[in-house]
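As structure tokens, the structure follows; a few thoughts come after it.
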Amino acid sequence: SDRLGASQKIIVPLYAPDPTFYDPTRQSQTANLSTGTGAITIPSAGLTADDWPVFEVTGPITSLRILHFPVGDELQITGTIPSGETWEFDLRPSYKTVKRMSDGANRLNFLVTGTVRYMSTLRILGEKLTRSYIQTANSFTVTGTSTTGASQIVLRYYKRYLSL
């Protein structure tokens, strides 16, 4: 029997969609794209686990390209993010979306076919993996054309750790 006096033995399944330890303060870095290019660098010192970033790109910008150095993973879109629109590229596991933030409209079809595969691999690397590329930071270079002073990219991420 599963009963022990007034107690009942039960099994409770738990689900951990994000099982790594992380600093709950979300980090954010912004780059202005008014010249058609911008860069964001995230030092990897102290990061012991990878994180999947969320990019928010505000137009106008045509032929957007986000390149992760040193790995070489990239996201590229065809067409234009119109002036005043912000698109979110969410690379977190179980999300993997590209959407217009104002109404949530799917924009995944704007990704260049050859770069869709990077939705699963483009991530902020921890210190150990970054050093295997003989680097000390994750660098993201963003390029595009037809930009103005309003064009920008915001990268959001969490500092992740294998243990406390």
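Some notes on this structure:
- If only the Cβ of Lys and Arg carry +1 and only the Cβ of Asp and Glu carry -1, the dipole of the stretch 67-164 around its Cα centre is close to 360 debye.
- Only protein heavy atoms count here; under a 1.4 Å probe, residue 96 has an accessible surface of about 60 Å².
- Summed residue charge, Cβ within 14 Å of residue 108's Cβ, Lys/Arg positive, Asp/Glu negative: +3
- Mean-position separation - Cα centroids, the stretch 100-162 and the stretch 10-87, in angstrom: 4 Å
- Where N is the number of residues in the chain, Cα Rg divided by 2.2 N^0.38 Å: 1.27
- With coordinates expressed along the principal axes, the C-alpha atoms belonging to the stretch 31-116 extend over 38, 33, 25 Å, beginning with the largest.
- Accessible surface of residue 162, taken over heavy atoms with a 1.4 Å probe and every protein chain present, rounds to 120 Å².
- In sequence order, calculated HN-Hα J values of the stretch 31-39 (Karplus, 6.51, -1.76, 1.60; Hz; x Gly/Pro): 10, 7, 10, 4, 8, x, 8, x, 9
- Relative contact order computed over the stretch 1-122 (Cα-Cα under 8 Å; 6+ residues apart), in percent: 18 percent
- Rounded to the nearest 20, the size of the Cβ-charge dipole of the stretch 1-146 about its Cα centre is 260 debye, with Lys and Arg at +1 and Asp and Glu at -1.
- Residue among 15, 133, 95 with the largest mean-square fluctuation in a Gaussian network model of the chain, springs linking Cα atoms under 10 Å: 15
- Dipole of the chain, positive direction: furthest Cα of 94, 113, 16, with charges on the beta-carbon: 16
- Entry note, the chain: the mean residue ellipticity at 222 nm calculated from DSSP H runs of n ≥ 4, each adding -39500 (n - 2.57), is -1000 deg cm²/dmol after division by the residues and rounding to the nearest 500.
The values are calculated or read from the model by the stated rules, or taken from the named source; none is laboratory data. It should be emphasised that the depicted structure is a prediction, and the values quoted were computed from it without experimental measurement. Here Cβ is always computed from backbone atoms with ideal geometry, including for glycine, and neighbour counts include all displayed protein chains. Heavy atoms of the whole protein, side chains included, go into the accessibility calculation; ligands, DNA and RNA do not. Shrake-Rupley method; radii C 1.70, N 1.55, O 1.52, S 1.80 Å.
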